[in-house]
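Peer 1: Sending over a structure as structure tokens; questions will come in a sec.
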Amino acid sequence: MSASQLSTLSSQPSARARYIMIGGFLGAGKTTAVGALAERLSGQGLRVGLITNDQGSELVDTAMLRSRGFATEEIPGGCFCCRFSSLVDAAAKLTELSLPDVFIAEPVGSCTDLVATVTYPLRRMYGEEFAIAPLSVLIDPIRAEGVFGLSEGKRFSEKVLYIYRKQLEEADLIVITKSELVSADRLQRLTARLAREYPAARVLDVSVREARGLDAWFAPLMDAEQQPRATMAVDYEIYAEGEALLGWLNATVQLDANAPGFDSEAVLRALAADIQQRLAGAEIAHLKMTLSPSGGLGDIAAIHLVHSDFVPELSLRLEEPVTSGQLIVNCRAEAAPELLRDAVRGAVAELPASFPGLTAALDHLEHFRPGKPQPTHRDAVSA
Ligand SMILES: Nc1nc2c(ncn2[C@@H]2O[C@H](COP(=O)(O)OP(=O)(O)OP(=O)(O)O)[C@@H](O)[C@H]2O)c(=O)[nH]1
Ligand SMILES: [Mg+2]
């Protein structure tokens, strides 16, 4: 951060800006929660600045948060821990633009060791500028039941689950999301298991969709500061191998049709279902897509799939037909990146056959396995 940017930050009337990080595995509900917290804080008259992050570029999450009008900076091309200076630069840029009282950052869902590599270095270097909130790690209850053997079903490989468990180990707050999807008994059983396995964390459950449990979660994010604990041990070889088991794909597609246009919901549903079918056998962590109409006022449609055997779900809808728009496709699954590429290419090519008059042109496509994490800083704190 430059000296002038630093002085802008420290000249804020409310002293330090708050830095809140909301982590958790792919598809856990982070972006949805970031949006809900940002909306709540904006409603209280606070200025918020959001930071999204990904291994690639062209991010669904950024499109979703910007469509809601929030100042959002993205850090593409690597996780926060490996792009620490980009994280500080993003905060500085947001500061110049809107002087946020609160920054909310969403790390990549396959990332762990965030305390040692992000929050401790932030406090050490910028503790005068930022008050660091406790780290939240979100988990989808249905995914978690599978991981902890509380239900049958497909699971990721052990090395991917190593990352999942390490995320929970460093959490200050473990937040079970989507609580309305499971019964009170199941929620209680999962909570008890998490509390036993991760005694240093407080376990909460929330449903952002039904606005349940949010006060109890958001209060410590705004009032408390992260308390240092001994740095967690992480085997970076297993971590790297776990991340490398995941295939990553980000793509953009230009969609055009003659008047009166196409039904965005039908197109998104057909595309998601086709990709899902083409990926049968691979465990999908998150397939997400947004459609932004050209020349629109910012409204977008969005669809998600967070389990291979679920039905893709719309989270944002467009009422009017669309004649032209940009589709962003982000897919993360335990599968070869080439399989993701072929599935997305094949499904996009198939669209005009199902929707006569529609043309779909793939503009950009990147597919890869995340590289070995190499944090810029790693602060060792002893007990
Ligand atoms: N039923 C239900 N679904 C939810 C809730 N919160 C989020 N979701 C859904 O969960 C899916 C994933 O949500 P996101 O917020 O995109 O998840 P994420 O953790 O940001 O995903 P990545 O950034 O890909 O790791 C979407 O379909 C959301 O609509 C909730 O409270 N209830
Ligand atoms: Mg997200």
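The values are calculated or read from the model by the stated rules, or taken from the named source; none is laboratory data. This structure is a prediction, so every number in the text was calculated from the model and none was measured. Quick reminder, even Gly has a Cβ in these numbers, built from the backbone with ideal geometry, and neighbours come from all protein chains shown. Only protein heavy atoms, including side chains, enter the accessible area calculation; ligands, DNA and RNA are left aside. Shrake-Rupley method; radii C 1.70, N 1.55, O 1.52, S 1.80 Å.
Peer 1: Among the candidates SER315, SER324, which residue alone is in contact with a strand residue (DSSP E or B) (Cβ under 8 Å, 6 or more places away or on another chain), within 24 Å of ALA285 (Cα to Cα), small (Gly, Ala, Ser) and surrounded by fewer than 20 Cβ atoms within 10 Å (Cβ to Cβ)?
Peer 2: Working: SER324 fails: within 24 Å of ALA285 (Cα to Cα).
Being in contact with a strand residue (DSSP E or B) (Cβ under 8 Å, 6 or more places away or on another chain), within 24 Å of ALA285 (Cα to Cα), small (Gly, Ala, Ser) and surrounded by fewer than 20 Cβ atoms within 10 Å (Cβ to Cβ) holds for just one of SER315, SER324, which is SER315.
Peer 1: Considering only the range 284-298, how many residues are more than 16 Å from ligand 2 (Cβ to nearest atom) and modelled with pLDDT of 95 or more?
Peer 2: Applying the first criterion (more than 16 Å from ligand 2 (Cβ to nearest atom)) to the range 284-298 yields 291-298.
With the extra rule that they be modelled with pLDDT of 95 or more, the set shrinks to 291-294.
Number of matching residues: 4.
Peer 1: Same structure, new question: In the set ARG66, ARG83, ARG47, which member is surrounded by fewer than 24 Cβ atoms within 10 Å (Cβ to Cβ), charged (D, E, K, R) and within 20 Å of SER315 (Cα to Cα)? If you could, list the steps in order and put the result at the bottom.
Peer 2: On the way: ARG83 fails: within 20 Å of SER315 (Cα to Cα); ARG47 fails: within 20 Å of SER315 (Cα to Cα).
Step by step, each of ARG66, ARG83, ARG47 is checked, and only ARG66 is surrounded by fewer than 24 Cβ atoms within 10 Å (Cβ to Cβ), charged (D, E, K, R) and within 20 Å of SER315 (Cα to Cα).
Peer 1: Among ALA251, ALA270, ALA280, ALA285, which is the only one that is over 18 Å from the mean Cα position of the chain (by Cα) and either in contact (Cβ under 8 Å) with a residue 60 or more places away in the chain or buried (at least 22 other Cβ atoms within 10 Å of the Cβ) (or both)?
Peer 2: Details: ALA251 fails: over 18 Å from the mean Cα position of the chain (by Cα); ALA280 fails: either in contact (Cβ under 8 Å) with a residue 60 or more places away in the chain or buried (at least 22 other Cβ atoms within 10 Å of the Cβ) (or both); ALA285 fails: over 18 Å from the mean Cα position of the chain (by Cα).
Answer to the check: ALA270.
Peer 1: Taking interchain pairs and intrachain pairs at least six residues apart, which have beta carbon atoms under 9 angstrom, with the first residue in the range 59-70 and closer than 16 Å to ILE303 by Cβ and the second more than 10 Å from ligand 1 (Cβ to nearest atom) and among the acidic types (Asp, Glu)?
Peer 2: LEU59/GLU74; ASP61/GLU74; SER67/ASP299
Peer 1: If you go through the range 332-383, how many residues are closer than 24 Å to LEU59 by Cα, part of a loop (DSSP other than H, G, I, E, B) and open to solvent by 70 Å² or more (accessible area, probe 1.4 Å)?
Peer 2: 4
Peer 1: Could you please find all residues in the range 108-151 being open to solvent by 10 Å² or more (accessible area, probe 1.4 Å), among the hydrophobic types (A, V, I, L, M, F, W, C) and within 11 Å of ligand 1 (Cβ to nearest atom)?
Peer 2: Of everything in the range 108-151, just one residue is open to solvent by 10 Å² or more (accessible area, probe 1.4 Å), among the hydrophobic types (A, V, I, L, M, F, W, C) and within 11 Å of ligand 1 (Cβ to nearest atom), namely ILE142.
Peer 1: Another one. On the basis of being modelled with pLDDT of 95 or more, in contact with a Ser or Thr (Cβ under 7 Å, 6 or more places away or on another chain), surrounded by fewer than 22 Cβ atoms within 10 Å (Cβ to Cβ) and more than 30 Å from THR376 (Cβ to Cβ), does GLU210 make the cut? Lay out the reasoning, then the answer.
Peer 2: Working: modelled with pLDDT of 95 or more: yes; in contact with a Ser or Thr (Cβ under 7 Å, 6 or more places away or on another chain): no; surrounded by fewer than 22 Cβ atoms within 10 Å (Cβ to Cβ): yes; more than 30 Å from THR376 (Cβ to Cβ): yes.
Spelling it out, it is not the case that GLU210 is modelled with pLDDT of 95 or more, in contact with a Ser or Thr (Cβ under 7 Å, 6 or more places away or on another chain), surrounded by fewer than 22 Cβ atoms within 10 Å (Cβ to Cβ) and more than 30 Å from THR376 (Cβ to Cβ).
Peer 1: Right, next: Going by the structure shown, is GLY281 out of contact with any strand residue (DSSP E or B) (no Cβ under 9 Å at 6 or more places or on another chain), away from ligand 2 (no atom under 16 Å from the Cβ) and either aromatic (Phe, Trp, Tyr) or at positive phi (or both)? Full working, then the answer.
Peer 2: Numbers: out of contact with any strand residue (DSSP E or B) (no Cβ under 9 Å at 6 or more places or on another chain): yes; away from ligand 2 (no atom under 16 Å from the Cβ): yes; either aromatic (Phe, Trp, Tyr) or at positive phi (or both): yes.
Considered against the rule, which asks whether it is out of contact with any strand residue (DSSP E or B) (no Cβ under 9 Å at 6 or more places or on another chain), away from ligand 2 (no atom under 16 Å from the Cβ) and either aromatic (Phe, Trp, Tyr) or at positive phi (or both), GLY281 comes out as yes.
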